[in-house]
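Enquirer: The structure under discussion is supplied below as structure tokens; questions concerning it will follow.
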Amino acid sequence: MTAVEEKFSLTEVLSSFKACLEKENQDVLVDHYISGWNGLIRFMNSLGTIFSFVSKDAINKIQIMEAFRKSSSRDQYRSLQSMVAYELGANLVDLNRRAEHPNSGCRTILRLHRALRWLQLFLEKLRTSTEDSKTSVLCTDAYNDSLANYHPWIIRKAATVSFYALPARNTFFEVMNVGSIEDVVAMLGEAMPYVSQVYDITQQLYARHNLLDLP
Ligand code: 1Q0
């Protein structure tokens with residue numbers, strides 16, 4: 001890979017979430033969902049090893065989904081909608097406790113889905129932040145309003161400590177590789193509705209099938 005290809009561009013990453021949504025029926029496409037997350041992880045890795053406990057878990061979950069997409073049931077995992085129908089229909093989801101199917105697609109996506117809420121809140125806070133805003137505070141607030149509710153104390157502690165290592169707001173805007181601060185704010189304003197749409201559709205799908213508390 002060349003240096004140019006490795007360079008992170010938030011515009012590109014967020015466009016994966018736009019590509020996620022199939023036009024006609026609003027299905028959420030797994031391949032694009034995964035590629036959005038891969039881009040975010042690439043970015044997180046560039047922030048330093050302090051976040052490796054986060055990226056390890058996210059990579060693990062992405063690999064579970066990639067394996068489904070390479071398996072003989074790959075077509076069933078084309079979209080989140082087809083995955084839910086298939087796994088529930090074939091009894092492939094542990095509903096009450098992790099047992100025969102500890103790594104179902106449904107429970108794996110649920111973890112990423114909860115993390116997507118954090119991303120949505122964090123980027124929205126960055127978009128509307130002011131020059132003196134601290135990224136660690138924005139990140140902690142977004143985390144406390146989302147993922148933290150699902151994490152045990154020890155992970156909450158590790159996560160909040162690691163947020164202090166986040167770069168300052170200006171550096172953050174720079175590494176997004178979008179342009180000036182005004183450009184970033186405009187790009188986020190344009191792209192975030194797609195992320196929100198992916199989040200809302202997944203949330204409704206999971207709520208409809210009572211999958212929001214999968215162990
Ligand atoms: C940039 C800062 C990154 C901050 C990430 C915030 C999330 C912290 C979460 C810490 C959790 C890590 C450890 C493992 C948790 C698991 O127990 C938990 C549940 O899974 P399981 O199998 O035990 O039931 N896993 C999760 O909750 C999934 C967590 C995935 C987090 C993925 C975060 C990916 C973040 C990417 C960086 C995006 C930066 C966006 C800003 C771009 C601006 C240029």
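Enquirer: His101's amide H: which non-local residues (gap 5+, or another chain) put their own amide H closer than 5 Å, with H modeled 1.01 Å from N in plane and none for Pro or chain starts?
Expert: When sequence neighbours closer than 5 places are left aside, the close amide H contacts are Asp94.
Enquirer: Quick check on my link table: of Lys18/Lys61; Lys134/Lys157; Lys23/Lys125, which ones sit more than 24 Å apart, alpha carbon to alpha carbon? Don't jump to the answer; show the numbers that get you there.
Expert: Details: Lys18/Lys61 21 Å; Lys134/Lys157 19 Å; Lys23/Lys125 29 Å.
In this structure, Lys23/Lys125 lie more than 24 Å apart at Cα.
Enquirer: Could you give the angle, 0 to 90 degrees to the nearest 10, between helix 52-70's Cα long axis and the longest principal axis of the Cα atoms of the chain?
Expert: Once rounded, one gets 40 degrees.
Enquirer: Next question. Between helix 181-208 and the chain, what is the angle of the helix's C-alpha long axis to the longest principal axis, kept within 0 to 90° and rounded to the nearest 10?
Expert: Between helix and principal axis, roughly 20 degrees.
Enquirer: Could you work out the local net charge near Glu131, counting Lys and Arg as +1, Asp and Glu as -1, over the other residues with Cβ closer than 15 Å to its Cβ? List each step's numbers first, then the result.
Expert: Details: positive: Lys125, Arg127, Lys134, Arg169; negative: Asp132, Glu174, Glu182.
Local net charge: +1.
Enquirer: Report ³J(HN,Hα) in whole Hz for each residue of the range 22-31, in order, from the Karplus equation J = 6.51 cos²θ - 1.76 cosθ + 1.60 where θ = phi - 60°; Gly and Pro get x.
Expert: 6, 4, 5, 10, 6, 5, 9, 7, 4, 4
Enquirer: Once phi is turned into θ = phi - 60°, what whole-Hz ³J(HN,Hα) does the Karplus curve with 6.51, -1.76 and 1.60 give for every residue of the range 171-176, x standing for Gly and Pro?
Expert: 4, 4, 4, 5, 5, 5
Enquirer: Taking the 0 to 90 degree range and rounding to the nearest ten, how far is the long axis of helix 80-89 tilted relative to the main principal axis of the chain, both from C-alpha atoms?
Expert: 30 degrees
Enquirer: Let me cross-check Arg156: its accessible surface, 1.4 Å probe, with only protein heavy atoms counted, in Å² to the nearest 10?
Expert: Its accessible surface works out to 90 Å², give or take rounding.
Enquirer: Specify the inter-centroid distance of the range 139-215 and the range 109-129, based on alpha-carbon positions, in whole Å.
Expert: 2 Å
Enquirer: Given N residues in the chain, what is its alpha carbon radius of gyration divided by 2.2 N^0.38 Å? Before the final figure, lay out each step's value.
Expert: On the way: Rg = 17.4 Å, N = 215, 2.2 N^0.38 = 16.9 Å.
Dividing the Cα radius of gyration by 2.2 N^0.38 Å gives 1.03.
Enquirer: Sticking with this structure for a sec: Counting each DSSP H run of 4 or more residues in the chain as -39500 (n - 2.57), what helix-only mean residue ellipticity at 222 nm follows after dividing by all residues, to the nearest 500 deg cm²/dmol?
Expert: On the way: 10 runs with 139 residues, N = 215.
Here the helix-only value at 222 nm equals -21000 deg cm²/dmol.
Enquirer: Taking the Cβ of Leu212 as the centre, find all other residues whose Cβ is under 13 Å away and add up their charges (Lys, Arg: +1; Asp, Glu: -1). Walk me through the intermediate numbers first.
Expert: Numbers: positive: Arg107, Arg111, Arg114, Arg117, Arg208; negative: Asp213.
Taking every other residue near Leu212 into account, the sum is +4.
The values are calculated or read from the model by the stated rules, or taken from the named source; none is laboratory data. The shown structure was predicted, so the numbers you read here are calculated from the model rather than taken from an experiment. Reconstructed Cβ throughout: ideal geometry from the backbone, glycine too, with neighbour counts over all protein chains shown. Note: accessible area is taken over every heavy atom of the protein model, side chains too, but ligands, DNA and RNA are not part of it. Shrake-Rupley method; radii C 1.70, N 1.55, O 1.52, S 1.80 Å.
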